[in-house]
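No value in this document is a laboratory result; all are computed from the given coordinates. As the structure is a prediction and not an experimental result, all values here were calculated from the model. Heads up, the Cβs are rebuilt from the backbone with ideal geometry, glycines too, and the neighbour counts pull from every protein chain shown.
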């Protein structure tokens, strides 16, 4: 494998007239060159057309079209509904059920007997929850003439919609993926629907009155504090899309209705900002419930809990259901004080539960591994409690350890033992090793490369900071503004695809290398986006765009849907394992991570995640030891993993694979 390959194209820019002995003119000339591996040395932005074109309907639009075609071909209403609820098997059905508006929820229950509320009732009554959504039988009698003809459709946001009595055609109200399915309503279904709607209206009315009472009891100051925290949560967390009937609350892309990428805090179009200074009795019912629900989510686990409601209706019933499910998961962990259930679904009772869950969460994290399951089609996330590390996880780790022993020369049968061996003699992290300028670079590359084989992936990668000396110096000087001014070239990401992954990219080594570099650039951005989250909240930090750094690993399914980079890079199944690193006296959460990707095939499992999290902890431990060396006066710069390095590395690996294939063919 080729080593450092020269200084990084971004490098560690120090400003002034030169950088590392290079004139400013030379530096600017280099910046005007393309950094795409297959175009190195050519001028940037002069191509007549894009090298690689992603189909217009790639990702989510194609999934919706295929889902609708499958539903339209289903033999009956029940089968069609199940296809739509799971988006053709890509998401859990209960997420879509909790995304339904009141009329749609009541109509589906009346027509098909399908509802998430049976599971809710079982959960609160003490029975085991978590199975398929309840079904109480199909309404109507065979051969009975329809009393009403309704419709079933799928919106371009992925939600199921139904035309119920007193409603007009769906095509005039919604952006639909295709046409509609005509749905006959038996007379009995009309009776059931009316009863369901009546109960739902009463339930919502009670909930709104209770939420208003709870917000009023806290006073104006308390409400202002809630709104400030929720604006910060919307600004500092990943995309979310939540609903109140037909109203959408989102920080995602150009549809923003709350603080996010296109609405700054205080913007008059932000649903949260517009409530500040407004008397409570002028708040809409939707906004009242929204503020209460988001507050309960944040109080139960921090900002990231909001994403666990992604794609669903933001109602008190749903939040109560989520919190109860979390409570049972936490209480199933042996150690620590158990959390009592909420006495009711009143806001005050749920607030008590949320606060207790946050305390319990810290106890749980000390004894078991929490992680999140991500369903990319709806960006929905579910917190899970991992079981014990079993044979598959140990096999993955064993295979990785064997590769690391061979490439790094460390002794140890487990990742902890390899880390112990490293800690006993850490100085080699700052010395050249294995063709790289530093042992740290060699270790990162060896772990990423070894993970590809051990976990049977198409890509593996790890990211970090290029100049630990610059970070140490800035921390000692408490120069937070300097750190916030660094751009993405101050960070690196080592991306290693397996040569066989070129089959997903027109069987082209050049395309594969360009994809690896595109992924690397995006991961550099992630490091840039997280590092300020570990700094004190002074003016320079608050003004900087950043997310609260991740602390839990996650396993994702069908992530090649919304994110254009994920669509282009075929990121279907993935594991992300962020880790904290201590630099001097400051801990930076999510400072490094290990990511594993599969473009097709089988999704990753919990066992894979547990092994990957131990592998990323090994890289984090090495990075922390490197930071200690730097704090003691050692120089350590990461100069590998730029675009030229990715070009050379992918080309060399592909040539080696071709040669090996030729030998086997003889």
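Tabulated data for the structure shown
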quantity: Alpha carbon centroid spacing (whole Å) that separates region 582-613 from region 498-516; calculated: 23 Å
quantity: Among 323-336, 488-501, the order from most to least packed when residues are scored by Cβ within 10 Å on average; calculated: 488-501, 323-336
quantity: Relative contact order %, region 387-665, counting alpha carbon pairs below 8 Å whose residues are six or more apart; calculated: 24 percent
quantity: Sequence ranges 400-406, 108-114, 566-572, 412-418, ranked by mean other-Cβ count within 10 angstrom, highest first; calculated: 108-114, 566-572, 400-406, 412-418
quantity: Segment residue 453-residue 172, length gained on full extension (0.36 nm per residue, minus Cα span); calculated: 95.9 nm
quantity: With Cα atoms, 0 to 90° folded angle of helix 439-455 axis to the chain main axis; calculated: 50 degrees
quantity: Cα-based helix-to-principal-axis angle, 415-424 vs the chain, degrees rounded to 10; calculated: 40 degrees
quantity: Within the chain, helix-based [θ] at 222 nm, where runs of 4 or more DSSP H residues each add -39,500 (n - 2.57), nearest 500; calculated: -14500 deg cm²/dmol
quantity: Gain in span if fully extended, residue 545 to residue 431, counting 0.36 nm per residue against the direct Cα distance; calculated: 37.5 nm
quantity: Gain on full stretching of the segment that runs from residue 537 to residue 358 - 0.36 nm per residue minus C-alpha separation; calculated: 62.2 nm
quantity: Anisotropy class of region 396-540 from Cα gyration tensor, a/c 1.5 cut; calculated: oblate
quantity: Relative contact order (%) - criterion: Cα under 8 Å, at least six apart; region: the chain; calculated: 14 percent
quantity: Quotient of Cα Rg and 2.2 N^0.38 Å for region 470-535, N being how many residues it contains; calculated: 1.51
quantity: Relative packing of peptides 210-217, 93-100, 196-203 - highest average C-beta neighbours within 10 Å first; calculated: 93-100, 210-217, 196-203
quantity: Kirkwood hydrodynamic radius of region 204-385, from inverse mean 1/r over distinct Cα pairs, in Å; calculated: 16.7 Å
quantity: At R0 = 45 Å, FRET efficiency that the Cβ-Cβ distance of residue 42 and residue 222 yields, to 0.05; calculated: 0.15
quantity: P(r) tail fraction, region 387-665 - alpha-carbon pairs more than 25 Å apart, %; calculated: 45 percent
quantity: Cα-based shape type of region 355-476, given that a ≥ b ≥ c are square roots of the gyration tensor eigenvalues and the cut on a/c is 1.5; calculated: prolate
quantity: Evaluated over the chain, the Cα radius of gyration and Dmax, each in Å; calculated: 26.9, 87
quantity: Where the Cα pairs of region 289-414 fall when distances are cut into 10 Å bins, in %; calculated: 12, 35, 26, 15, 10, 3, 0
